[in-house]
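One structure is given here, and the rest of the page talks about it.
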Amino acid sequence: MSIENIQSAARRVYESVGRVMVGKERVVQHMLVALLCEGHVLVEDVPGIGKTTLAKALAKSLGTSFSRIQFTPDLLPSDVTGVSIYDQHQASFEFRPGPVFAQVILADEINRASPRTQSAMLEAMQERQVTVDGQTRPLPRPFLVMATQNPVELEGTFPLPEAQLDRFLMRLSLGYPNHDEERAILRRFRAQEPLGSIEPVIQADELLRLGESCRQVYVHPVIEDYVLGLVRATRSSEALTLGASPRGTLALCRATQALAAIHGRGYVIPQDVQELIEPVLAHRLIPSTSRRLHGDTAREVLQQVIERVPVPVEEHWEGSPAE
């Protein structure tokens with residue numbers, strides 16, 4: 001499957017989501033990157049910004065099964081994964097799948113659930129499988145978790161553990177719309193509900209094939225060194241208690257391949273890495289105690305780390321291993 005096919009499919013999804021979302025082109029593009037990488041996305045912002053609307057619009061644009069899980073403090077792990085119920089007629093236990101057995105999961109306000117329930121998602125997100133009563137059951141592919149999260153400062157929220165944050169390919173933030181964007185939202189949603197008119201523009205099997213094609217996008221050894229240099233700089237920085245994991249290294253590399261394909265290129269350039277390093281790596285980092293006391297966030301520390309790593313200056317990245 002060619003780069004043109006990937007670019008065309010991404011454009012169709014982008015236009016479909018754009019019928020609902022206003023002025024969030026970069027966020028939607030990053031969501032498309034996650035789709036092609038079959039990676040999970042955490043959308044974090046204050047209530048009412050449009051996190052759930054974005055997740056619904058993207059899910060409806062895909063020809064996949066969809067399930068929404070509303071996370072609450074009293075949600076149990078079995079409410080997510082499923083439960084075995086004794087069937088008196090058959091004299092045996094029958095497994096009733098939970099809402100996690102779908103291709104696209106909207107985990108709404110995931111940090112309102114208790115840590116015990118949050119941990120129930122770990123195996124599903126990483127291994128694409130669920131173990132209940134000692135039996136492991138595979139989840140359908142593609143399997144994508146689009147989780148929304150309110151800032152941890154709000155009442156009734158539980159911080160996600162580092163192990164679960166590391167399972168998310170990206171963490172995105174929508175931010176407040178500007179004056180013109182909010183006017184467009186007001187007029188668009190005042191007249192009708194745009195979500196109801198969205199139809200699938202891509203099928204699940206096509207999405208899997210496109211994702212496999214993205215992995216063929218060429219990454220020059222110099223670009224590899226740039227990615228590795230950035231990741232290693234997070235591990236050696238005194239401003240960070242926890243640097244990026246090898247999972248983060250692989251996630252950043254795969255994400256840049258997908259972004260390059262969306263832009264119609266068969267090779268990765270340094271600008272791809274620079275655009276994605278914050279959404280891919282920032283949520284995997286923990287600033288040192290002194291930096292947190294000064295109010296510095298992981299994003300701010302990461303920007304300082306990026307500035308210290310030299311950017312490759314070679315002009316031609318479109319080569320291939322055979323050339």
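Laid out as a table, the results:
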{"read-out": "Amide H contacts under 5 Å for GLU109, placed H, 5+ residues apart", "value": "THR148, GLN149"}
{"read-out": "Helix axis angle, 221-236 relative to the chain longest principal axis, alpha carbon, degrees", "value": "70 degrees"}
{"read-out": "Whole-number percent relative contact order across region 1-58, with pairs defined as alpha carbons under 8 Å at least 6 apart", "value": "42 percent"}
{"read-out": "In sequence order, calculated HN-Hα J values of region 38-48 (Karplus, 6.51, -1.76, 1.60; Hz; x Gly/Pro)", "value": "6, x, 8, 10, 10, 9, 10, 5, 6, x, x"}
{"read-out": "GLY82 long-range amide H proximity, modeled H, under 5 Å", "value": "GLY98"}
{"read-out": "Förster radius 41 Å - calculated FRET efficiency between ASP180 and HIS294 (Cβ-Cβ, nearest 0.05)", "value": "0.70"}
{"read-out": "Helix axis angle, 246-262 relative to the chain longest principal axis, alpha carbon, degrees", "value": "80 degrees"}
{"read-out": "Per-residue ³J(HN,Hα) for region 178-190, Karplus 6.51 cos²θ - 1.76 cosθ + 1.60, θ = phi - 60°, Hz, x for Gly and Pro", "value": "7, 4, 5, 5, 5, 5, 5, 4, 4, 6, 5, 8, 6"}
{"read-out": "5 angstrom amide H check on LEU172, placed H, neighbours 5+ away", "value": "LEU42, VAL43, GLU44"}
{"read-out": "Average Cα contact separation per residue, the chain, under 8 Å, 6 or more apart, as relative contact order %", "value": "22 percent"}
{"read-out": "Three-way shape call for region 67-184 based on the alpha-carbon gyration tensor, with the a/c threshold at 1.5", "value": "prolate"}
{"read-out": "Region 204-323: equivalent-ellipsoid semi-axes (sqrt of 5 x gyration tensor eigenvalues, Cα, Å)", "value": "29, 16, 11"}
{"read-out": "Semi-axis lengths (Å, descending) of the ellipsoid that matches the C-alpha gyration tensor of region 1-213", "value": "30, 22, 16"}
{"read-out": "Base-10 log of normalised Debye intensity for region 136-294 (one unit scatterer per alpha-carbon) at q = 0.13 Å⁻¹", "value": "-0.89"}
{"read-out": "Theoretical gain in end-to-end length, ILE286 to GLU193 [0.36 nm per residue, Cα-Cα removed]", "value": "29.5 nm"}
{"read-out": "Partners for LYS24 among lysines (Cα-Cα distance below 17 Å; same-chain residues under 8 apart left out)", "value": "LYS51, LYS56"}
{"read-out": "Angle between the chain longest axis and helix 204-214 axis [Cα atoms, degrees, rounded to 10]", "value": "20 degrees"}
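Coordinate-derived values only; no laboratory data. These numbers were taken from a predicted model, which means no experiment stands behind them. Heads up, the Cβs are rebuilt from the backbone with ideal geometry, glycines too, and the neighbour counts pull from every protein chain shown.
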